[in-house]
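What follows draws every value from the coordinates through simple rules; no lab data is involved. Treat the numbers as computed from the prediction; the structure is a model and nothing was measured. Glycine gets a Cβ as well: all are built from the backbone with ideal geometry, and neighbour counts include every protein chain shown.
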Amino acid sequence: MEREQYAEELRACRSPIEQLPEVLEAESMYGHRRARCLSWSDSLVTLSAWTYASTGGALKYLQRKWPSRIRDVVQERGIFNGPRFARTTCEPPFGVDFWSQRDVFLIRPAPRRIAHPGFNDRLLFVPADAILMGSLGQLEDGNLFGRAEYAAFGANSGAITQHILRIFPKSGASEALYAFLSTRLGLLLVRSAAVGTSIPTMHIGILKEVPVPTLDSRTSAIVREHLAAAVSSRARASAAESEAVRIVEEEVLPEWLA
């Protein structure tokens, strides 16, 4: 029940953004999967045609319609990957929970326990309002590359893999930014910042220039309300599932095996 409520609240959170006229128009520009080419008269920040053509004109259209960019709503030096480090397995109460890229996006993650690698905690942990993004992978449908997740859904409780891009929004901007980046259009625009061939990576400089909508106060309040409800529903679902597992492991199985 709580999982269903979580999914409903997420849909309600994204809905006001998905219904914006500019979003509907942009979506009509890339609705069909096909080879594309287009003319580009603006500056070229990369020689990769993917950056400009993959959106089917939606990127150029939104750059004209929306003056705000991701760089305008994130903190200074607020977009970065974590450091690489050795992962030494240990047991509680020692060490920290380590979240892999897969764990960040699982509905029921299973982080492993590792020794603290000794880095500054800012490089390992994130606040609840951070946005986490898959920054290494493939571009096919269903892959994690470019997908956004809200840290408050659980990942703020452990150390995060270096393959996850951390985005630290400015105060009050996290809900709207997450809601937009987690839409289908947001994913398309984010993936236009991919560079590389075999295993694309996220080019932070290009990502910062992705256009984002500026929401009015009423729409922002709706987004915040539904995202907060989604966070609460997911927390309750996780707590209920953990308690069910505890009952089976500590009460049912011992009696059954006795």
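Match the structure shown to one of the listed values [x] 21.1; [y] 19.8; [z] 22.5 of Kirkwood radius over Cα pairs in Å, computed from it, and give that label.
The value matching this structure is [y].
In whole Å, how far is the Cα centre of region 93-114 from that of region 174-248?
19 Å
Taking the chain as a Gaussian network, where each spring joins two C-alpha atoms under 10 Å apart, which residue of Ser233, Ser39, Ser135 fluctuates the most?
Largest GNM mean-square fluctuation: Ser39.
When only Cα pairs under 8 Å and 6 or more residues apart are kept, what is the percent relative contact order across region 75-199?
30 percent
Straight distance only, please: which aspartates and glutamates reach the Cα of Lys208 with their own Cα at less than 12 Å, same-chain residues fewer than 8 apart left out?
Those aspartates and glutamates meeting the cut-off are Asp72, Glu76.
Over the chain, with a Gaussian network built from C-alpha contacts below 10 Å, which listed residue (Leu207, Leu185, Leu38) shows the highest mean-square fluctuation?
Checking each option, the largest mean-square fluctuation is seen for Leu38.
Using Cα-Cα distances under 8 Å and only pairs 6 or more residues apart, what relative contact order does region 132-174 have, in percent?
45 percent
Could you sort the peptides 41-54, 5-18 by per-residue average Cβ neighbour count (10 Å cutoff), highest mean leading?
Numbers: 41-54: 13.5, 5-18: 18.3.
My ranking of the peptides, most packed first, is 5-18, 41-54.
On a 0 to 90° scale, report how tilted helix 2-18 is relative to the longest principal axis of the chain, with both axes built from alpha carbons and the result rounded to the nearest 10.
Around 10 degrees separate the two axes.
So for the chain, averaging the separation of alpha carbon pairs under 8 Å that are six or more residues apart and normalising by length, what relative contact order in percent results?
It rounds to 28 percent for the chain.
Cross-link candidates for Lys60: which aspartates and glutamates have Cα within less than 17 Å, leaving aside residues fewer than 8 places away along the same chain?
Lys60 reaches Glu22, Glu25, Glu27, Asp42, Glu209.
Neighbour counts of other C-beta atoms within 10 Å: give me Met133, Met1, Met29 arranged from fewest to most.
Met1, Met29, Met133
Non-local amide H neighbours of Ala148 (under 5 Å, H modeled in plane, Pro and chain starts lacking H): which ones?
Those lying under 5 Å, H to H, from Ala148: there are none.
If I build a Gaussian network model for the chain, linking alpha-carbon pairs within less than 10 angstrom, which residue out of Ala244, Ala230, Ala159 has the largest mean-square fluctuation?
Of the options given, Ala244 has the highest mean-square fluctuation.
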